[in-house]
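Quick notes on the structure that follows.
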Amino acid sequence: MHPNDEVKSESTSNPGPIRSAEPPSDNRRTGAHRSPARRNPLRRSTARTPTASPSRIRTVLTSTPLRLTLVTGVTCCLGFVAFTESRAATTPTRPLHAALVDTTALADRAAIAEKQAASRAERAPLPPTPTPTTPTPSAVAKSKAPTKPPTRKPTKPAKPKPVAGLDQAQMDNAATIVKVGTKLGIPRQGLIVAIATAMQESNLYNLANPALPESLDYPNQGTGYDYDSVGLFQQRTSSGWGAVADLMKPAYAAQAFFEALLQIPGWQQMSVSGAAQAVQVSAFPDAYAQHEDRATTIVGALV
């Protein structure tokens, strides 16, 4: 028997539904066998969302991926809770009175440290006291001895500037004569007499004499030939003026002349020529007068 025949027999055997007097609804017009695509799109669908059945829920819950996800989430939550509680337990909060107690403890420790340092300083050995030494007499004498001023090299006196037509050697000899006379306290007139005498006798040069070969061994500024006369004043050893070595020294020869002048009574009232002749006893007594003016100029430049 064909399935279609069975369906027909069932449809013919069952009586049709009783029609009502109400107008037909839209469901009636459309028909249950029609395609849903032909329904009016403007009409709101009255179909309800299908709900999950208990068997489906059990299937989802018993799946392996979901179980792993749930286990991982629960483990993370438990670990976070445990970490938070342990952190809170290891970091206790310090109240204000605890901070004050710590400050007081620090101050007490500082005081104790200062006391310990003071006690160490008291126990430290004192440095040895230096023993005073008694200075020796020599040390006392040295301390009281006056300090010597630094030695200075003697500076050479400046040479006098030549005047009255003299050269430097003649001017130096004239300066020696004036210096010796000033030390002996000879007045100005006696200085002029001495300069005029030396100008006449040697022209103010320290002369040696070949008649006395010894005189040539001493510093000299030329030679003369008047018997045995030597030096600035041409003084003779044979007349008792002195040794050759002494007469060749300008300072000694000048001193010998001034000492002889002082032995002449009233020489201060004599003329320059008369005083010179009284000392020298020359064969030309008036020759000294010609040098008086120049001698006065030379003494004026040196005194």
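The values are calculated or read from the model by the stated rules, or taken from the named source; none is laboratory data. Model, not experiment: these values are computed from the prediction. Backbone-built Cβ (ideal geometry, glycine too); neighbour counts: all protein chains shown. All accessible areas refer to the heavy atoms of the entire protein, side chains included, with ligands and DNA or RNA removed. Shrake-Rupley method; radii C 1.70, N 1.55, O 1.52, S 1.80 Å.
Among 221-227, 201-207, the peptide with the highest mean count of other Cβ atoms within 10 Å heads the list, and the full ranking is 201-207, 221-227. Summing Lys and Arg as +1 and Asp and Glu as -1 over all other residues whose Cβ lies under 12 Å from the Cβ of Y205 gives a net charge of -3.
Which of rounded, prolate or oblate describes the stretch 158-303 when judged by the alpha-carbon gyration tensor and an a/c cut-off of 1.5? Oblate, because a/c is 1.5 or more while a/b does not exceed b/c. When only Cα pairs below 8 angstrom with a gap of at least 6 residues are kept, the stretch 188-303 shows a relative contact order of 29 percent. Shape class of the stretch 157-217 from the alpha-carbon gyration tensor: prolate, with a/c at 1.5 or above and a/b greater than b/c. Net charge in the neighbourhood of Q170 (other residues with Cβ under 14 Å of its Cβ; Lys, Arg +1, Asp, Glu -1) is 0. For V272, the shell of other residues with beta-carbons less than 12 Å away shows a net charge of -1, using +1 for Lys and Arg and -1 for Asp and Glu.
Per residue, the accessible area of the stretch 147-212 comes to 58 Å², computed with a 1.4 Å probe over protein heavy atoms only.
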